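Notes follow the structure.
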Amino acid sequence: MPTARAFAVSSPTARFAPITIPRRDPGPTDVAFAIHHCGLCHSDLHTARGEWPGTVYPCVPGHELVGVVTAVGAKVTRFAVGDKVGVGCMVDSCRTCRACQAGLEQYCETHGTVFTYNSPDAHQPGHRTYGGYSTAIVVDEAFVLRMPANLDLAAAAPLLCAGITTFSPLRTWGAGPGTRVGVVGLGGLGHMAVKLAHAMGAHTTLFTTSAGKVADGQRLGADRVVVSKDAAAMAEVRPEFDLIIDTVAAAHNLDAYLQLLARDGTLCVVGAPPTPHPSPNTGLLIFGRRRLAGSLIGGIPETQAMLDFCGAHGIVSDVERIGPEDLDRAYDRMVASDVKYRFVLDLPQA
Ligand code: NAP
Ligand code: ZN
Ligand code: ZN
């Protein structure tokens, strides 16, 4: 059986260390590719450090992987050796339920979504799926994305999670010219939300806890930046937002943002902190017919549409590239909100 080099943690408190993992021989509909780069998502950290329940060790995180095709199965029609491809948070699903049929595999109704890491691996019983902090992977072509030729491959890697997770709610709730969008948190997801909302033509306001990120917020496309720890600045913001996307990785008071929604506005939570947010004041929903919503990544067709949108608009992530020896330090910096604005791991090539 083929193998790959990978970087894994063996417990919630362990440091990253190299291991060898099995990768299956490509089946008829599989695409094998060499992973060149993989973004670091805060979800990787929640999983690796056991902040969410259910992590099985050793754990190889990474669900923003990009690389170059090395082999394809006999029935593969859409990819060829040498193509630049990507894989996001999913590598399979049941494919038959209503959600899968609708191209919303992330909401698979049979609980058949196979996540890129830490899911049971039907191809290799006894193993979990192992993610993109590794040198190679084999994925069914139905879950492989085509990377736009004009985008830098390393800088485009974070589109596979941070990009689609913010693109999907922006599209679902109609961000565009004449709408007002708020983004809470300027990390990996938040900076993509700012770039995408701006590119869609929405008036975009960034809320950040970090006074040092104001200039970057403006450079990335925010029409206005509000430091959320500044009570006087927050009090000046009117209830004007059609959509606020909350990307914060820690529990916090949602009322501060619910009260800034216009009538019929939506607060969409995408941040997934280890402990729940305090229950919101439902009076803020009733007076104003406001909505509190959530959103999980995006389906495969929408992910390809997002990549094509980014290709057409020249949108990539602002990345800081690291080697495997930097993984633990990068995680510590993520916890400290010190990310500008996505770490991307460069994988050693054989
Ligand atoms: P990240 O790069 O670490 O950014 C999170 C940002 O939240 C920080 O940069 C910071 O921005 C803000 N923040 C404020 N207070 C914080 C605190 N106490 N601890 C941490 N961050 C704080 O994380 P990310 O990769 O964008 O992910 C954000 C969250 O989304 C995570 O919980 C992740 O698991 C989740 N996620 C969800 C989905 C989904 O499908 N729904 C997909 C991917 C990730 P400021 O400095 O600007 O305040
Ligand atoms: Zn992610
Ligand atoms: Zn399904």
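The values are calculated or read from the model by the stated rules, or taken from the named source; none is laboratory data. Just so we're clear, the structure is a prediction, and the values are computed from it rather than from any experiment. Cβ sites come from the backbone with ideal geometry, for glycine too, and all protein chains shown count toward neighbours. What goes into the accessible areas is simple: the full protein's heavy atoms, side chains included, and nothing from ligands, DNA or RNA. Shrake-Rupley method; radii C 1.70, N 1.55, O 1.52, S 1.80 Å.
Test of the criteria: in region 269-304, which trypsin sites (Lys or Arg not before Pro) are in a DSSP loop and have at most 12 other Cβ atoms within 10 angstrom of their Cβ? Write out the running numbers ahead of the final one.
On the way: sites: Arg289, Arg290, Arg291; in loops: Arg289, Arg290.
The qualifying sites are Arg289.
Given contacts defined as C-alpha pairs under 8 Å and at least six residues apart, what's the relative contact order of the chain, whole-number percent? Spell out each step's value before the answer.
Numbers: 833 pairs, mean separation 62.9, N = 350.
The value is 18 percent.
Along Cα→Cβ, 7 Å out, is where each label goes; now give me the distance between the ones at His127 and Lys229 in nm to one decimal.
4.5 nm
Using helices alone, I'd like the mean residue ellipticity at 222 nm for the chain: each DSSP H run of four-plus residues gives -39500 (n - 2.57), total over residue count, nearest 500.
Numbers: 11 runs with 81 residues, N = 350.
Calculated from helices alone, the mean residue ellipticity at 222 nm is -6000 deg cm²/dmol.
How would you rank 212-221, 279-288, 127-136, highest first, on the average number of other Cβ atoms within 10 Å across their residues? The partial results should precede the final answer.
On the way: 212-221: 16.8, 279-288: 13.2, 127-136: 24.1.
Per-residue mean Cβ counts within 10 Å order the peptides as 127-136, 212-221, 279-288.
Averaged over every viewing direction, what's the projected area of the C-alpha convex hull for the chain? Give it in nm², one decimal, please. Can you show the working numbers first?
Values: hull surface 67.6 nm².
Seen from a random direction, the Cα hull of the chain projects 16.9 nm² on average.
In what sequence, largest accessible area first, do Thr247, Thr275, Thr204, Thr77 appear using a 1.4 Å probe? Let's see the in-between values first.
On the way: Thr247 20, Thr275 80, Thr204 0, Thr77 115 Å².
Listed by decreasing accessible area, they come as Thr77, Thr275, Thr247, Thr204.
When we measure straight from the Cα of Lys75, which lysines land under 20 angstrom away, once same-chain ones fewer than 8 places off are left out?
Cross-link targets: Lys84.
Excluding ligands and nucleic acids, what accessible area in Å² is computed for Asp152 using a 1.4 Å probe, to the nearest 10?
Here the residue's solvent-accessible area equals roughly 90 Å².
Apply 1/(1 + (r/R0)^6) to the Cβ-Cβ distance of Ala34 and Asp255, taking R0 = 51 Å, and write down the FRET efficiency to the nearest 0.05. Could the numbers behind the result be given before it?
Values: r = 48 Å, r/R0 = 0.93.
Approximately 0.60, to the nearest 0.05.
How much length would be gained if the chain were fully extended between Gln218 and Ala293, taking 0.36 nm per residue of separation minus their Cα-Cα distance, in nm to one decimal?
Values: separation 75, 0.36 × 75 = 27.00 nm, distance 2.66 nm.
Additional length available on full extension: 24.3 nm.
Of all the accessible heavy-atom surface of region 166-294, with the other protein chains kept in place and a 1.4 Å probe, what percent is carbon and sulfur? Kindly include the intermediate steps, with their values, before the conclusion.
Details: 2890 of 5370 Å².
The nonpolar share, carbon plus sulfur, comes to 54 percent.
With a 1.4 Å probe and every protein chain left in place, tell me how much accessible area Lys75 has, in Å² to the nearest 10.
Only protein atoms counted, so the area is about 140 Å².
Per residue, how much accessible area does the chain have with a 1.4 Å probe, in Å²?
Counting only protein heavy atoms, the per-residue value for the chain is 40 Å².
At q = 0.21, 0.22 Å⁻¹, what is the base-10 log of I(q)/I(0) for region 166-294 according to the Debye formula with one equal point scatterer per Cα and no solvent? Please give it to two decimals.
-1.29, -1.42
Just how much of Ser337 is accessible, in Å², when a 1.4 Å probe is used and the result is rounded to the nearest 10?
60 Å²
What does the convex hull of the alpha-carbon atoms of region 1-144 project to on average, in nm²? Spell out each step's value before the answer.
Values: hull surface 33.4 nm².
If I average the Cα hull's projected area over directions, I get 8.3 nm².
Which of the lysines could a cross-linker span from Lys213 if the Cα-Cα distance has to be under 21 Å and same-chain partners fewer than 8 positions apart are dropped?
Here the lysines satisfying the reach criterion relative to Lys213 are Lys195, Lys229, Lys340.
Counting only protein heavy atoms and using a 1.4 Å probe, what share of the accessible area of region 99-157 belongs to carbon plus sulfur, as a whole percent?
So the carbon and sulfur contribution to the accessible surface is 56 percent.
Provide Val227, Val66 ordered by accessible surface of protein heavy atoms (probe 1.4 Å), highest first. Before the final figure, lay out the partial values.
On the way: Val227 30, Val66 0 Å².
The residues order as Val227, Val66, largest area first.
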